[in-house]
Amino acid sequence: MAPFSQELEPPRIPGRFSLIFGGRKDSSGNVVDSGGSLSFDKYGANQIVQIAGVDDKTDQFAGMAIRDDNKRVWVGRTGEGDAMLSLMDGTGRKRIVLKVTSAGQSSLEFLDAAGHVVKNVNPANL
């Protein structure tokens, strides 16, 4: 088995699932990127459920996405440590975001088609 510092991707079987994991280190031994993904595909089509985690210089997240033609549901953790549930419309735009920060502050945001928050509900404005 290859060491974790190499990128590994087993053969993809259409219509079933794929497992991708790996990471890389720079010449100084610092981790440049690491992550993994397990996805389940609709037969002959793209993934419909994906469980993923990434921790590198530009992205830090872990969670699950549910898709049809576009990502519709995201449940996971952001790079800042917030727990988040996002619901998207049929074109993949966020429309509702439920979030709890790592400090324990909760909010429910409603967004318009342009992605602007039109209503924010939190304990302070109940």
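Projecting the alpha carbon convex hull of the chain along each direction and taking the average yields 10.1 nm². Excluding same-chain neighbours fewer than eight residues apart, the aspartates and glutamates reachable from Lys94 by a Cα-Cα span under 16 Å are Asp68, Asp69, Glu109, Asp112. For Lys99, a cut-off of 19 angstrom between C-alpha atoms picks up these lysines, skipping any fewer than 8 places away in its own chain: Lys71, Lys119. The length gained on full extension between Asp56 and Leu19, counted as 0.36 nm times the residue separation minus their Cα-Cα distance, comes to 11.4 nm. For Lys57, the lysines whose Cα falls under 20 Å of its own Cα, not counting residues fewer than eight places away in the same chain, are Lys25.
Here, each number is a calculation from the coordinates, and none is a lab measurement. Computed from a predicted model, the values in this text were never measured in an experiment.
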